[in-house]
Amino acid sequence: MKIAVLPGDGIGTEIVAQAVRVMRALELKFELEEALVGGAAYEAHGHPLPEATLKLAQAADAVLFGAVGDWKYDKLERQFRPEQAILGLRRHLGLFANFRPAICYEQLTHASSLKPELVSGLDILIIRELTGDIYFGQPRGRRKAVDGHFPGADEAFDTMRYSRPEIERIARVAFEAARKRRNKVTSVDKANVLETFQFWKDVVTDVHKYYPDVALDHMYVDNAAMQLVKAPKSFDVIVTGNMFGDILSDEAAMLTGSIGMLPSASLDAVNKGLYEPSHGSAPDIAGKDLANPLATILSMAMMLRFSLNQPESADRVEAAVRHVLQQGLRTADIWSEGTRRVGTREMGDAVVAAITKTTTKS
Ligand code: IPM
Ligand code: MG
């Protein structure tokens, strides 16, 4: 098995380094190969997703990804910006199914901005369609308006679109995932306004006929945003399009008070995947040993489970993370009175130690 390791920018390199250490501590037979991506790749090769990096990702069984982006690249032409690397990987690898769990860890309940009783025990899963919608829809661009409110004025436009097979496959992923959880899917749309999302709703309803054991409800995206802060525990699996999923997954992540804890997986049709923390590259704290490596370590656990068929090792990693939280170790983002503040590296050390302990026990 070959794993492509793409640390990227900002805190990406520090957090991926810790995930790799934890991975090595598992003593599995994997080959790891590192490559540049994002701003780092742009600096070295003039492109955020160089051919060699893409080839490595395509040849690998799974990709462990850190984060990309830095404000200093905001002025670059769009095709050279770091974000294009992750969008390109999603598109070229066909990673249409994005799993973004929002779990509130018992020890971190008070870190949420919501009342503890609203989030205690929270465990929801956002399944975001990742290769379609307005993110990738053509045509897009700039032009002179020929109609609209200001004919002749400069305008910009994007295209929101979804085909039936695109919606069918993500709906199936959501229903299958719900079967392993609490059997409930909420499909989020904007069917009251958008043609694309009326179609989305119709197709999800069609696919549901094959999953009569799973409960399905439909919710408009504005209401879903509201319900997420009002009664987040009323959700189990949320399935939605690329853009709504982008927004709602950040909201859901923040409910847990610790975006530094949340992993994600982006899968293709045969469970090859890219695994990355839900948070970004945080250039403001890069290189300061402040970042929380746990989201990346937990993403690596998802990789073991979904793409590398090593569920026991995944369990061990997740148990090790719970163990270090139990020990009271906290990086700055999740620190609170009475717990012990540690840096990125020390957090990695603690997880490695917890893993090594279970190795010698078993
Ligand atoms: C995410 C990010 C990306 C997205 C950006 C960096 C292109 O916000 O993974 O949620 O919008 O999908
Ligand atoms: Mg986002």
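Suppose a student asked you for the relative contact order of the chain, using Cα pairs under 8 Å spaced at least 6 residues apart; what percent would you report?
Working: 773 pairs, mean separation 78.5, N = 362.
Relative CO of the chain lands at 22 percent.
Count neighbours as other Cβ atoms within 10 Å of each site's Cβ, and list the trypsin sites (Lys or Arg not before Pro) in the stretch 100-165 that are DSSP loop with at most 16 such neighbours.
Numbers: sites: Arg128, Arg140, Arg142, Arg143, Lys144, Arg161; in loops: Arg140, Arg161.
For trypsin sites (Lys or Arg not before Pro) across the stretch 100-165 that sit outside H, G, I, E and B with at most 16 neighbouring Cβ atoms in 10 Å, the list reads Arg140, Arg161.
Quickly work out the Gln326-to-Glu312 label distance, labels modelled 7 Å from Cα along the C-beta direction, and quote it in nm with one decimal.
2.0
Got a number for the accessible area of Tyr135? Probe 1.4 Å, square angstrom, nearest 10.
Estimated to the nearest 10 Å², Tyr135 gives 60 Å².
Between Asp74 and Phe136, 0.36 nm times their residue separation minus their Cα-Cα distance comes to what?
Result: 20.3 nm gained on full extension.
For labels at Arg24 and Thr205 in the simple 7 Å Cα→Cβ model, what's the distance in nm?
About 5.5 nm, to one decimal.
Mind checking the full-extension length gain between Lys357 and Asp217? Use 0.36 nm per residue of separation minus the Cα-Cα distance, one decimal, nm.
Details: separation 140, 0.36 × 140 = 50.40 nm, distance 4.45 nm.
Gain on stretching Lys357 to Asp217: 46.0 nm.
Just flag the trypsin sites (Lys or Arg not before Pro) in the stretch 168-272 sitting in loop per DSSP whose Cβ has no more than 10 other Cβ atoms within 10 Å. Don't skip to the answer; put the middle values down first.
Details: sites: Arg169, Arg172, Arg179, Lys180, Arg181, Arg182, Lys184, Lys190, Lys201, Lys209, Lys230, Lys233, Lys272; in loops: Lys180, Arg181, Arg182, Lys190, Lys209, Lys272.
Here the sparse-neighbourhood loop sites are Lys180, Lys209.
How big is the dipole moment of the chain about its Cα centre under a simple scheme where the beta carbon of each Lys and Arg is +1, that of each Asp and Glu is -1, and everything else is neutral? Debye, nearest 20, please.
580
Of the candidates Glu31, Glu168, Glu195, which one comes out as most mobile in a Gaussian network treatment of the chain with C-alpha springs shorter than 10 Å?
Its mean-square fluctuation being the largest, the pick is Glu31.
Cα atoms only: what Rg and Dmax, in Å, come out for the stretch 110-262?
17.5, 55
Asp284 versus His92, label points 7 Å from Cα toward the beta carbon: distance in nm?
About 3.3 nm, to one decimal.
Roughly speaking, what is the stretch gain from Glu251 to Ala319, that is 0.36 nm per residue apart minus the C-alpha to C-alpha distance, in nm to one decimal? Write out the running numbers ahead of the final one.
Working: separation 68, 0.36 × 68 = 24.48 nm, distance 2.61 nm.
My answer for the length gained is 21.9 nm.
Once each part is reduced to its C-alpha centroid, what is the distance from the stretch 111-131 to the stretch 24-70 in angstrom?
29
State whether the stretch 1-141 is rounded, prolate or oblate according to the following rule on the C-alpha gyration tensor (a ≥ b ≥ c being the square roots of its eigenvalues): a/c under 1.5 gives rounded; otherwise a/b larger than b/c gives prolate, and the remaining case gives oblate.
Note, shape of the stretch 1-141 comes out oblate.
Would you list, by chain and number, the lysines whose Cα falls below 27 Å from the Cα of Lys230, excluding same-chain residues fewer than 8 positions away?
Lys115, Lys180, Lys184, Lys190, Lys201
For the modelled label position 7 Å from the Cα of Glu31 along Cα-to-Cβ, which residues of the stretch 58-102 have backbone nitrogen atoms closer than 12 Å?
Correct set: 59-61.
Could you give me the ³J(HN,Hα) list for the stretch 277-290, computed from phi with Karplus coefficients 6.51, -1.76, 1.60 and θ = phi - 60°, whole Hz, x at Gly and Pro?
Per residue, the Karplus-derived 3J(HN,Hα) values read x, 6, 8, x, 8, 6, x, 5, 10, 5, x, 10, 6, 10 Hz.
If you average the sequence gap of Cα pairs under 8 Å that are 6 or more apart and divide by the length of the stretch 93-152, what percent do you get for the contact order? Could you put the intermediate results ahead of the total?
Numbers: 56 pairs, mean separation 22.1, N = 60.
So the answer I get is 37 percent.
Average projected area of the Cα convex hull of the stretch 1-74, in nm²? All intermediate terms of the calculation are to be shown ahead of the outcome.
Working: hull surface 19.0 nm².
With every direction weighted equally, the projected area is 4.7 nm².
Compute the Rg to Rh ratio over the chain from the alpha carbon atoms, using the Kirkwood formula for Rh, and round to two decimal places. Walk me through the intermediate numbers first.
Working: Rg = 20.6 Å, Rh = 21.2 Å.
Expressed as Rg/Rh, it is 0.97.
Which far-off residues, 5 or more places away or on another chain, put their amide H under 5 Å from the one on His218, with H placed in the peptide plane?
Placed amide hydrogens put Ser187 under 5 Å from His218.
Which three extents, in angstrom, do the Cα atoms of the stretch 78-139 have along their principal axes, listed largest first?
46, 21, 20
Which parts of the stretch 289-314 would a label at Met1 reach, counting a residue when its backbone N lies under 15 Å from a point 7 Å out along Cα-to-Cβ?
Within reach of a label on Met1, which here means backbone N under 15 Å from a point 7 Å along Cα→Cβ, the stretch 289-314 contributes 298-314.
The values are calculated or read from the model by the stated rules, or taken from the named source; none is laboratory data. Note that this is a predicted model, so its numbers are computed, not measured. Methodologically, a virtual Cβ is constructed for each residue, glycine included, from the backbone with ideal geometry; neighbour enumeration extends over all protein chains shown. Surface areas here come from the heavy atoms of the whole protein model, side chains and all, with no ligands, DNA or RNA. Shrake-Rupley method; radii C 1.70, N 1.55, O 1.52, S 1.80 Å.
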